[in-house]
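Okay, structure first, notes after.
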Amino acid sequence: MTKADFGWALACRRSIGCATVLAAAIGCAVLPTDAAAQKGVNCSVPQDMILSESRLPRVTKSVHDTKALAIAILGAGAASLPGPGGKETSYPAQLEGVLSKRLPGIAVKVGAYTVPRQTLKEVARNAKRVLAEAKPNLVVLQAGTVDAIRHTDLDDFGEELEYLIDTIQGAGADVVLVNLQYNPRLETMIPTTAYSGMIQSIAVEKDVPLFDRLGIMRYWSESGFFDFYTPTKDPTIAHQVHHCIGQALAAQIIATARLRARSASNF
Amino acid sequence: MSGATLPADGAPPTAVSPKAVPVASAFVPGQRDLRLDLFRGIALWLIYLDHIPSNIVNRFTIRNYGFSDATEIFIFISGYTAAYVYGRAMRDQGFVISGARILRRAWQIYVAHIFLFAIYLAEISYVASNFANPLYAEEMNIVSFLSNPDTMIVQALLLKFKPVNMDVLPLYIVLLFMFPPILWLLLRRPTLALGLSAALYAAARILSLNLPAYPGGVWFFNPFAWQLLFVFGAWCALGGAARHARIVKSPWTLLAACGYLLFSMFIALSWRHEGLREFVPQIVQVIIEPVSKTNLSLLRLFHFFAIAVVVVSFVPLDWPALKSPLLRPAIVCGQHSLEIFCLGVFLAFAAHFVVGEFSGAVTAQVLVSINGILIMILTAGLISWYKEIEGRRPKAQKKDMPDADLAGGEV
């Protein structure tokens, strides 16, 4: 049994709707899709990096009851890529596109509310207003980068993250945490490990799914799918990576919320 | 690790200066405890491996299998050996002279830290002028931000700005700076000194005391919390462990320690392996998470105690393997800890550079890990050789003085 199979078996054992998850998991095991495939990019992700023991009950309920899913991207740092077309090619837009395709008949809307260079504390100040405005069923909460750059006190960072999760859940939405980007060039300059470790700890403590962007991008790098080290001003890799992150995040949301979805390889 | 080597036998000092102060808890350092050198050497290797980013080898270091990591071992042994070396000096030469020696040591470590910072500066300058990628627009802010030398260098000199993986030496500097009065009290009222240290730890935890950092936040290793481990090491060296040897060596203590090590191993593994997490009740996760390294969580502290109990139980002072050539490399590294620690930080930078520039393959990661440790061993051997040839000169020989290498090596 491979590592991926093992993770899958554990998820299945606990699952109520195992058949549904199976469909979703098969999707997430084969992630190369339209645009990425056309560009010759392989960005598959092992199943055990996607599957989570945590659940997204509000997402499940909203999709089943109202046939709608509103997602807000919140958190510290930018979610969009710079330059012309950055917004359309960034992962929030990709996520909306993939979810709309994989969840036919469901009205999916993804709104990005991140502000560049904001720490989590600054995000928390405006969180209630953003939540009232967006009324999401799910908040994708990205954290780590700006706080790591600014060396925010790690314990304060953890408390701020807990507060934000409570605030979001109090507003009636589920949470998926997203950690830092993998960045081999700056690893000795940004204390990535400490902050990603804290995010993981909080995810475990609050029982919310973690989208391990750091681990997934490192896997792509080690597998030779992407070169994150060589300097480049060409935005192609950035676009491809955001496309792949959109795919993987969609797969995780579908699997974690136990949604019936079309396979990723079918479009 | 064990105070059994340092009996509180009240033996008279060999050369008492006029300013020498009689102490309540006299002690005489016995033979050199090679276990200290061995475990500090291993801790230095582990710190080096942990400091190489994205290195497959550091998935096998002790931090992955429990709450504490090599930092606790390093700080405890540093406290132990500082008391071993400077405790005797304070008894024989008085507070002023021994205090001055401790402060000189702190200065040497400060210089070493600034030297490492210069290397870091070179690296960040290289990255700033050579790296660009639209994917990392946000992260590249750090490079432009940190490459403001006017503020960055001043903040580094003030020990407020500390690059990644360069937090241990500033902690060590502050601990040594605080050490003379602590040592003075440890020699007279060891229990009171340890109690005050624990009270400071508690105050730091409750009142969130820490030193400010730059560009924001606080020190990654809170000196007000971590001092407890350093003082505890010193307390053990000055006879504390010997006085409580019965408790330390009790089979029940060993059993509890083993149980705690297994528990923490399971929890630590569950952080990385989703499948194991379902066996950890949510209430346990809520209670123990997050395990603060900054403030030396009690979970980490007890994990280190458990390791120490197991080590003391299974590795006696006269363990024959301590003399074997197989363990010699780690022992030699532990005997020159300041130099080897600094070298390790530099090598971790270099290893990261090599892996990134030339090959990120697993083989390359393993190779740079092994080569780095080999370079550390060779350098430690070279330092020993230098000391040996210098020691042959009659004037250079120090009489009746505990080897300062134990406190990290006199520079």
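Throughout, read-outs are computed from the coordinates displayed, never taken from laboratory work. Everything numeric in this text was worked out from a predicted model, so none of it was measured. Please note: Cβ atoms are built from the backbone with ideal geometry, for glycine as well, and neighbour counts cover all protein chains shown.
A few comments on the model shown:
- At R0 = 45 Å, FRET efficiency that the Cβ-Cβ distance of B:L262 and A:N42 yields, to 0.05: 0.65
- 5 angstrom amide H check on B:N133, placed H, neighbours 5+ away: A:T232
- Contact order relative to length of chain B, as percent, for alpha carbon pairs under 8 angstrom and 6 or more apart: 30
- Scattering profile of the range B:3-407 at q = 0.13 Å⁻¹ [log10 I(q)/I(0), Debye over alpha-carbon scatterers]: -1.26
- For chain B, the mean residue ellipticity at 222 nm estimated from helices alone is -21000 deg cm²/dmol, where every DSSP H run of n ≥ 4 contributes -39500 (n - 2.57) and the total is divided by all residues, rounded to the nearest 500.
- Peptides A:144-155, A:183-194 ordered by average Cβ neighbours within 10 Å, highest first: A:144-155, A:183-194
- Unit charges at the beta carbon, dipole of the range B:254-362: most positive-side option, B:F358, B:H273, B:Y260: B:Y260
- Oblate is the label for the range A:147-267, because the ratio a/c of its alpha-carbon gyration tensor axes (a ≥ b ≥ c) is 1.5 or higher and a/b is not greater than b/c.
- Net charge in the neighbourhood of B:I42 (other residues with Cβ under 14 Å of its Cβ; Lys, Arg +1, Asp, Glu -1) is 0.
- Separation in nanometres of the label points that stand 7 Å from Cα toward Cβ, at B:R104 and A:R117: 4.8
- Site pair B:K323 and B:F115 shows an inter-label distance of 3.5 nm when each label is modelled 7 Å from Cα along Cα→Cβ.
- Between B:A199 and A:H64, the modelled label-to-label distance comes to 5.9 nm, taking each label 7 Å out from Cα in the direction of the beta carbon.
- Ranking of B:C333, B:C236, A:C43 by neighbouring Cβ atoms within 10 Å, starting from the fewest: A:C43, B:C236, B:C333.
- As a proxy for reagent exposure, ranking B:W319, B:W385, B:W45, B:W271 by other Cβ atoms within 10 Å from fewest up yields B:W385, B:W319, B:W271, B:W45.
- For the set A:K61/A:K206; B:K249/B:K323; A:K101/A:K233; A:K67/A:K206; A:K61/A:K87, the pairs lying more than 22 angstrom apart at their alpha carbons are B:K249/B:K323; A:K101/A:K233; A:K67/A:K206; A:K61/A:K87.
- Listed from fewest to most Cβ neighbours within 10 Å, the set B:M178, B:M90 follows the order B:M178, B:M90.
- Top of B:A237, B:A82, B:A122 by mean-square fluctuation, Gaussian network on chain B, Cα under 10 Å: B:A122
- The overall shape of the range B:249-320 is prolate: from the C-alpha gyration tensor, with semi-axes ordered a ≥ b ≥ c, the ratio a/c is 1.5 or greater and a/b exceeds b/c.
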